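Structure first, commentary second.
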Amino acid sequence: MAAISQTSLPVTPSFRENVEYWALRGLVGAIGLLPRSIARGTGAAIGWVCWKGLGGLRRTGLRNLKLAFPEKTEEERREILHKLYIRLGWQIAEFCKMRGYTLESASKFVRYEGLENYLQAREKGRGVLVLTGHLGAWELSSFYHSLRGYPMSLVIRRLDNPRVDAFVNEIRCLHGNRVVHKDDFARGLLSAMQRGETVGILMDTNMTPPQGVFVPFFGVEACTASGLARVALKTGAAVLPGFLLWEESERRYVLHFGEELNLVRTEDTQADILANTALFTSTIESYVRRYPEQWLWVHRRWKTRPEGEGSLYR
């Protein structure tokens, strides 16, 4: 596994950092004690409060939905966003309870689809890059995979509060997962691929050049991280999509692993990086289109614009 990159705690944490840390510990502890159904109901209530109270995020979400689904009515877009807040509330509950989950208990509400795709990719021995994003229950996804005996490294942005960062990563890594912070991105990924390991990368957030390149996302140019394409082309690692999605018809989560993606490889490296970044982004889009109420619409995905183009957010 790639080495954990942890933030050293300051000798004297600030008052704000201590308050945030103990508030989070209290929330996780309190919700973690509840039966799962009540915990999820509590999470949904938190989501409803955020839906009503956080007007700025709501406006961002509606703007993103208008960019992605101009054909839908305002009412349809509001319904998608409202459902997202409920799903995010559920994810809060799942995270709070993860410390107590066992393989037996978690398998009652999570199943695999396409696990053979992951195992086949892993058997090649060149490492596996799991293409994922802020869709579905992304925190529970890697946690459940580790419970099943398949720990992986996670490329994660450091949280601003180092005490909170350490606490959250402790839960993520209870069953063998590792954290590679984004400031160690290239070195961590290359080392992990050399050892034939698995790394999950959330590749659906706004970036800025030169780390980001512009590719279409829902038909709108979006500045997107190109590091995954660079590492995959350099190492020959397998790239396949992986998302833990709520299936309403089953009333449980399904951890989907798609087939390994066929990368574009020519003699033009820069063109290949752009083409494969576009491939990865279109793959994420295909899942978001199937499960629109489960993607993080409140993030300003199209914030960075091509030179000379004005902001899409007012």
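The values are calculated or read from the model by the stated rules, or taken from the named source; none is laboratory data. These numbers were taken from a predicted model, which means no experiment stands behind them. Cβ coordinates were reconstructed from backbone atoms using ideal geometry, including for glycine residues, and neighbour counts include every protein chain displayed. Side chains are part of the model used for accessible areas, which takes the heavy atoms of the whole protein and leaves out ligands, DNA and RNA. Shrake-Rupley method; radii C 1.70, N 1.55, O 1.52, S 1.80 Å.
Odds and ends about this structure:
- Counting only lysines at least 8 places from Lys72 when in the same chain, those with an alpha carbon closer than 18 Å to its own are Lys83.
- 17 Å Cα-Cα reach of Lys124 towards aspartates and glutamates, excluding residues that sit fewer than 8 places from it in its own chain: Glu116, Glu197, Glu259, Glu260
- Overall form of the stretch 210-314 per C-alpha gyration tensor (a/c, 1.5; a/b vs b/c): oblate
- The stretch 44-100 shape via C-alpha gyration tensor axes, a/c threshold 1.5: prolate
- Rolling a 1.4 angstrom probe over the stretch 102-291 with all protein chains present gives an accessible area of which 49% lies on carbon and sulfur atoms.
- Dipole check for the chain: with +1 at the C-beta of Lys and Arg, -1 at the C-beta of Asp and Glu, and the Cα centre as origin, the magnitude is about 780 Debye.
- Among the listed pairs Lys52/Lys97; Lys108/Lys303; Lys66/Lys234, those whose Cα-Cα separation exceeds 30 Å are Lys108/Lys303; Lys66/Lys234.
- Rolling a 1.4 angstrom probe over the protein heavy atoms with all chains in place gives the chain an accessible area of 46 Å² per residue.
- Farthest toward the positive end of the dipole of the stretch 102-291, out of Val180, Phe257, Ser141, is the Cα of Val180, where the dipole comes from beta carbon charges about the Cα centre.
- Anisotropy class assigned to the stretch 164-268 is rounded, per the alpha carbon gyration tensor with a/c under the 1.5 cut-off.
- Listed candidates (1) 147; (2) 311; (3) 157 - label of the one calculated as volume of the Cα convex hull per residue in Å³: (1)
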